[in-house]
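A.B. asks: Pasting a structure here, questions to come.
Here, each number is a calculation from the coordinates, and none is a lab measurement. Just so it is clear, the model here is predicted, and its values are computed rather than measured. FYI the Cβ positions are ideal-geometry reconstructions off the backbone, even for glycines, and counts take in every protein chain you see.
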Amino acid sequence: AQSVTQPDIHITVSEGASLELRCNYSYGATPYLFWYVQSPGQGLQLLLKYFSGDTLVQGIKGFEAEFKRSQSSFNLRKPSVHWSDAAEYFCAVGSFGNEKLTFGTGTRLTIIP
Amino acid sequence: NAGVTQTPKFRILKIGQSMTLQCTQDMNHNYMYWYRQDPGMGLKLIYYSVGAGITDKGEVPNGYNVSRSTTEDFPLRLELAAPSQTSVYFCASSPPGQGYEQYFGPGTRLTVT
């Protein structure tokens, strides 16, 4: 069975500082990996996805993530955060032939001036 | 192209009442999903559908029912509402062949008192 762990429940970062949100997955074969963002009171929006190929993927809003098979990780990064990045971030894993995604429990990001 | 729409946005129910949460997508996606989101728990899959006339249980189906008579609509029915069903409900849809990348609606916040 596939599973996702987001070890950080809440992270606080200063505006302009760099950001890394952690995601570890468990799945035997090559996973499909996603990062979603949820602003307060909103639905989830896809930031980026990895299916195959280049392990560094670029997404919207200046985010990127790197797939590391040896570490079973798919961490989300941004070089310089903006106040508008304050939100909850969810990592999700899927697999070929499985129409269901498994979501992590989320990381809440707070930005301080 | 409205994407995934959900109605209502908010609802308060009394214990034992019933209601239907509506979900419609205009992207001609085969796959549709219902999730509930509780604080600190991430997203839990309630039911999903791989096409009109086909539905299947997710992780937390008790107390809910679904139907899928058309590609566009996937209503979620709550029978005999209980306080444990107080949650935010999200509908999502996914096209085939893209790793089941999901597109989310804005959510329905339901309170059962």
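A.B. asks: Looking only at the stretch B:45-60, filter to residues that are within 11 Å of the chain's Cα centre (by Cα) and among the aliphatic types (A, V, I, L, M); which one of those is farthest from the other protein chains (Cβ to nearest Cβ)?
C.D. replies: Of everything passing the filter in the stretch B:45-60, B:Ile46 is farthest from the other protein chains (Cβ to nearest Cβ).
A.B. asks: With the structure loaded, tell me whether B:Tyr33 is within 24 Å of A:Ala1 (Cβ to Cβ), over 14 Å from the mean Cα position of the chain (by Cα) and buried (at least 20 other Cβ atoms within 10 Å of the Cβ) or whether it fails that test. Walk me through it before giving the result.
C.D. replies: Details: within 24 Å of A:Ala1 (Cβ to Cβ): yes; over 14 Å from the mean Cα position of the chain (by Cα): no; buried (at least 20 other Cβ atoms within 10 Å of the Cβ): yes.
So B:Tyr33 does not fit the description; no.
A.B. asks: For the stretch B:19-27, check the following and say yes or no: at least one residue is touching a Cys at 6+ places or on another chain (Cβ under 7 Å), within 13 Å of another protein chain (Cβ to nearest Cβ) and farther than 19 Å from A:Phe90 by Cα.
C.D. replies: In the first step, residues of the stretch B:19-27 are kept if they are touching a Cys at 6+ places or on another chain (Cβ under 7 Å); the result is B:23.
From the residues that got through so far, the ones that are within 13 Å of another protein chain (Cβ to nearest Cβ) too are B:23.
Now drop any that are not farther than 19 Å from A:Phe90 by Cα, which leaves B:23.
Looking for residues that are touching a Cys at 6+ places or on another chain (Cβ under 7 Å), within 13 Å of another protein chain (Cβ to nearest Cβ) and farther than 19 Å from A:Phe90 by Cα, one finds at least one in the stretch B:19-27, hence yes.
A.B. asks: If you don't mind, there's one more thing I want to ask. Restricting the stretch B:1-17 to residues that are surrounded by 11 or more Cβ atoms within 10 Å (Cβ to Cβ) and part of a loop (DSSP other than H, G, I, E, B), which is nearest to the other protein chains (Cβ to nearest Cβ)?
C.D. replies: For the stretch B:1-17, the residue satisfying everything is B:Gly3.
A.B. asks: Checking the structure you have, find out if any residue of the stretch B:79-90 is crowded, with 16+ Cβ neighbours inside 10 Å and over 30 Å from A:Leu109 (Cα atoms). Steps first, answer last, please.
C.D. replies: Of the residues in the stretch B:79-90, the ones crowded, with 16+ Cβ neighbours inside 10 Å are B:81, B:85-90.
Still in the list and also over 30 Å from A:Leu109 (Cα atoms): B:81.
Within the stretch B:79-90, one or more residues are crowded, with 16+ Cβ neighbours inside 10 Å and over 30 Å from A:Leu109 (Cα atoms).
A.B. asks: Within the stretch B:18-77, how many residues turn out to be farther than 22 Å from B:Val112 by Cβ and not in a strand (DSSP E or B)?
C.D. replies: Going through the stretch B:18-77 one residue at a time, the tally reaches 12.
A.B. asks: Among the numbered conditions (1) exposed (fewer than 12 other Cβ atoms within 10 Å of the Cβ); (2) more than 26 Å from A:Pro113 (Cβ to Cβ); (3) touching a strand residue (DSSP E or B) at 6+ places or on another chain (Cβ under 9 Å), tell me where A:Lys49 comes up short.
C.D. replies: All conditions pass for A:Lys49, except number (1).
A.B. asks: Continuing with the same structure: Considering each of B:Gly105, B:Gly42 in turn, give the residue that is closer than 14 Å to A:Thr102 by Cα, within 9 Å of chain A (Cβ to nearest Cβ) and buried (at least 16 other Cβ atoms within 10 Å of the Cβ). If you could, list the steps in order and put the result at the bottom.
C.D. replies: Values: B:Gly105 fails: closer than 14 Å to A:Thr102 by Cα.
Being closer than 14 Å to A:Thr102 by Cα, within 9 Å of chain A (Cβ to nearest Cβ) and buried (at least 16 other Cβ atoms within 10 Å of the Cβ) holds for just one of B:Gly105, B:Gly42, which is B:Gly42.
A.B. asks: Which condition does A:Cys23 not pass, out of (1) within 10 Å of chain B (Cβ to nearest Cβ); (2) in contact (Cβ under 8 Å) with a residue 60 or more places away in the chain, if it passes all the others?
C.D. replies: Among (1) within 10 Å of chain B (Cβ to nearest Cβ); (2) in contact (Cβ under 8 Å) with a residue 60 or more places away in the chain, A:Cys23 violates only (1).
A.B. asks: OK, next. Filter the stretch B:79-113 down to the residues that are in a strand (DSSP E or B), within 18 Å of B:His29 (Cβ to Cβ) and among the small types (Gly, Ala, Ser) and list them by number.
C.D. replies: B:Ala92, B:Ser93, B:Ser94
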